[in-house]
Amino acid sequence: SQQGEEDPQALSIQEGENATMNCSYKTSINNLQWYRQNSGRGLVHLILIRSNEREKHSGRLRVTLDTSKKSSSLLITASRAADTASYFCATVMEYGNKLVFGAGTILRVKS
Amino acid sequence: DTGVSQNPRHKITKRGQNVTFRCDPISEHNRLYWYRQTLGQGPEFLTYFQNEAQLEKSRLLSDRFSAERPKGSFSTLEIQRTEQGDSAMYLCASSHKGLGSPVHEQFFGPGTRLTVL
């Protein structure tokens, strides 16, 4: 069963705009990760945030984590057409040994 | 290319046939994972290996599914007596996990898309 739920399910924006995706989960975690998947391809790791961290940046990506609300958000700033993809959050539970993925957000960036 | 590779990339088979997929992980990685992904969903964990030992299997992995990782290198996933519900993308991932450290970044292969007619 999947642990997380992403919101929205789909998002369509213009190039240059910011995109925000949210993820909620159910159990205590060790860390939360975001992955990108281009159509029909494998997943690419974007960023990892540990349970004792609140915010993390990587290039145009900003991730926040609120463990009290069991939620995370991924912000992509100044989006590009190449950012068009599905984005998944994945959690690792305390003492867990695997990733538990949500259903993903489909992002479309129009040029 | 030193990434994770999977073969074949696509497999079409008839119901009742057996299929086998192969995954070659990044060479220095001690962990290898198999996931299954259906359309519109995120990947679901199937099983993982630490070196050659299979340490966890999901309830999704029925007795028709078997996975091996001989010598702790490549891995195979076999599905016997395939059913239409087995149609999915099968993803392999690898990572290096130190003793006592949490699971972190995993490196995924391109997947094998299985279609059961």
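The values are calculated or read from the model by the stated rules, or taken from the named source; none is laboratory data. Keep in mind the model is a prediction, meaning the values are calculated, not measured. Counting neighbours? That spans all protein chains shown, and the Cβs are built from the backbone with ideal geometry, glycine included. Areas reflect the complete protein model, heavy atoms only, side chains present, ligands, DNA and RNA absent. Shrake-Rupley method; radii C 1.70, N 1.55, O 1.52, S 1.80 Å.
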Gap separating the Cα centres of the range A:52-78 and the range B:3-68, nearest whole Å: 30
Heavy-atom accessible surface of chain B: percent carbon and sulfur, 1.4 Å: 48
The range A:69-109, accessible surface, carbon-and-sulfur percent (1.4 angstrom probe): 56
Debye, to nearest 20: dipole size of the range A:34-81, +1 on Lys, Arg Cβ, -1 on Asp, Glu Cβ: 100
Which of B:ALA53, A:VAL100, B:PRO70, positive extreme of dipole for the protein assembly as shown (C-beta unit charges): B:PRO70
Label-point gap, in nm, between B:LEU39 and B:THR76 - each point 7 angstrom along Cα→Cβ: 3.1
With at most 16 other Cβ atoms within 10 Å, longest stretch of chain A clear of loop GluC sites (Glu not before Pro) (DSSP): A:54-93
Of all DSSP beta bridges in the protein assembly as shown, antiparallel share, percent nearest 5: 90
Rounded to the nearest 20 debye, dipole of chain B from Cβ charges on Lys, Arg, Asp, Glu: 360
Rounded if a/c under 1.5, otherwise prolate or oblate - chain A, Cα gyration tensor axes: prolate
List A:HIS57, B:HIS96, ordered by accessible area with a 1.4 Å probe, largest first: A:HIS57, B:HIS96
Label point distance in nm, B:ARG64-B:ASN18, each placed 7 Å from Cα along Cα→Cβ: 1.4
Probe 1.4 Å, protein heavy atoms only - accessible area per residue of chain A in square angstrom: 48
Net dipole in debye of the protein assembly as shown [+1 Lys, Arg Cβ; -1 Asp, Glu Cβ; about Cα centre; nearest 20]: 320
For the range A:89-105, residues shielded by at least 40 square angstrom of accessible area compared with the chain on its own, probe 1.4 Å: A:ASN97, A:LYS98, A:LEU99, A:PHE101
Chymotrypsin sites (Phe, Trp or Tyr not before Pro) within the range A:32-111, DSSP loop, no more than 15 other Cβ atoms inside 10 Å: A:TYR95
For the range A:1-75, share of DSSP beta bridges that run antiparallel, in % to the nearest 5: 100
Mean accessible surface per residue for the range B:10-117, computed with a 1.4 Å probe while every protein chain stays in place, in Å²: 49
Estimated translational D of the protein assembly as shown in µm²/s (Stokes, Kirkwood radius over Cα pairs; 25 °C; 0.890 mPa s): 136
With DNA, RNA and ligands ignored, accessible area of A:LYS70 (1.4 Å probe; Å², nearest 10): 60
Accessible area that becomes buried as A packs against B, both chains, 1.4 Å probe, Å², nearest 100: 1700
At least 50 Å² of accessible area lost relative to the chain alone, listed for the range B:27-69 with a 1.4 Å probe: B:PRO43
